[in-house]
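What follows is a short report on a single structure.
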Amino acid sequence: MAGDEEQLVHQNKQIVLKEYVTGAPTESHFAVTTTPVNLKAPEGSNVVVFKNLYLSCDPYLRGRMSAVHREGADKTDPEFTPYRVGSPISGLGVSKVVDSAHPDYKKGDLVWGGVTWEEYSVVENPKGIFKIPDPDVPLSYYTGVLGMPGVTAYFGFYDVCSPKKGEYVFVSSASGAVGQLVGQFAKLAGCYVVGAAGSKEKVELLKSKFGFDEAFNYKEEDDLDAALKRYFPEGIDIYFENVGGKMLDAVLLNMRLRGRIAASGMISQYNLEQQEGVHNLMNIVYKRVRIEGFVVLDFFPRYAEFFGKVLPWIKEGKIAYVEDIAKGLENAPAALLGLFSGRNVGKQVVEVARE
């Protein structure tokens, strides 16, 4: 019996936050540690033991590395609360059930949802976990096109933006996990789409792989207002906002009458202690522009609706998806931090283990 118990105890590798971050995070803010973990769920409990397969690197995690809540963030939602120094960080990912005492999960189940950045997670009464309905696509897709970024892009575009055929759509951070999908959804809706990205490689990807009508490298533009006028001489109907700051300011000058802006994120501001101001706000009044922020968690109850629409598009080849996969849990901090310098091409994923 004692031998069996010893076999169930593993050294569990974890990514721990060493100290809270001010300004831009670096790899020195994280540590790779190991701690023993028992892979047997206690009988009579509601514990589930997960083996983590893929981790999702997402810009919003930066806010949780600060000692205090970002102003305006929901203080009751665990997805926005600061991490605990000395404890593993968490986010979204794909996992496999290795043992379960919970009636809703059985050994071998594949799931996606909230995970801790470690090899194995022992969770009592799991919440925010979705069973994977179709394993015949790459499991890593459930960190991206079939996970949180996909839900963000789908409902952010169709529900928040209310697109009409023939409208002019602009997407910032367009080669990222969300942006690449928004552009393709816009094309499926019959819109004209332009994307902004941060390298020549990404610009070519937007046009050749994702079907954007045009794309430009914002780093090569001295005047963003002039660049937008070049690509949108008649103005912008829909802007899918992922960047904020100077990009948002330039977009406001180029919106059409009754345009819509879906505010999904503002990655240019995440590492700033003093966020940049926006100066062209009167254009919202003159042009009757509607700006609506949204949080993807609000749409998770409609996941089945999203999945039923997007999975067939993937299988029919109507949606392409590009991932940037870093292998090994120890490489997770570098992969996450690469988001803020634009090092990734496509959705950044960390492969912890294969199924």
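The values are calculated or read from the model by the stated rules, or taken from the named source; none is laboratory data. This one's a predicted model, so the numbers in the text were calculated from it and none came from an experiment. Here Cβ is always computed from backbone atoms with ideal geometry, including for glycine, and neighbour counts include all displayed protein chains. Ligands, DNA and RNA are excluded from the accessible area calculation, which covers all protein heavy atoms including side chains. Shrake-Rupley method; radii C 1.70, N 1.55, O 1.52, S 1.80 Å.
Short version: ³J(HN,Hα) in whole Hz for each residue of the stretch 327-334, in order, from phi by Karplus 6.51 cos²θ - 1.76 cosθ + 1.60 (θ = phi - 60°), x for Gly and Pro, what are they?
9, x, 4, 5, 8, 5, x, 4
Is the stretch 148-297 rounded, prolate or oblate when judged by the Cα gyration tensor, a ≥ b ≥ c being the square roots of its eigenvalues, rounded requiring a/c under 1.5 and prolate requiring a/b larger than b/c?
Rounded.
Roughly how tilted is helix 303-315, in degrees to the nearest 10 and between 0 and 90, from the longest Cα axis of the chain?
Its long axis makes an angle of about 80 degrees.
Which of the trypsin sites (Lys or Arg not before Pro) found in the stretch 120-211 are loop residues per DSSP with 11 or fewer other Cβ atoms within 10 Å of their Cβ?
127, 164, 165
Can you list which of the GluC sites (Glu not before Pro) found in the stretch 141-246 are DSSP loop residues with at most 12 other C-beta atoms within 10 Å?
Hits after loop and neighbour filter: 234.
How much mean residue ellipticity at 222 nm does the chain get from its helices, if each DSSP H run of length 4 or more adds -39500 (n - 2.57) and you divide by all residues, to the nearest 500 deg cm²/dmol?
-6000 deg cm²/dmol
I want the antiparallel fraction of DSSP beta bridges within the chain, as a percent rounded to 5.
60 percent
Name the residue, out of 244, 166, 63, whose mean-square fluctuation peaks in a Gaussian network model built on the chain with Cα pairs under 10 Å.
Top of the fluctuation ranking is 166.
Whole number in Å², please: accessible area per residue of the stretch 148-297, 1.4 Å probe, ligands, DNA and RNA not counted.
Normalised by residue count, the accessible surface of the stretch 148-297 is 42 Å².
What's the carbon and sulfur percent of the chain's accessible surface, probe 1.4 angstrom, rounded to a whole number?
50 percent
Quickly rank 96-105, 299-308 as a protection proxy: mean count of other C-beta atoms within 10 Å, highest first.
Ranked by mean Cβ neighbours within 10 Å, highest first: 96-105, 299-308.
Using the Cα atoms of the stretch 6-59 to build a convex hull, what is its mean projected area in square nanometres?
5.7 nm²
Residues with amide H under 5 Å of residue 345's amide H, sequence separation 5 or more or different chain, H placed in the peptide plane at 1.01 Å from N; which?
none
With r as the distance between the Cβ atoms of residue 188 and residue 209 and R0 = 25 Å, compute the FRET efficiency 1/(1 + (r/R0)^6) and round to 0.05.
Step by step, r from the Cβ atoms, then E = 0.95.
Of the candidates 162, 140, 66, which one comes out as most mobile in a Gaussian network treatment of the chain with C-alpha springs shorter than 10 Å?
Judging by the Gaussian network model, the answer is 162.
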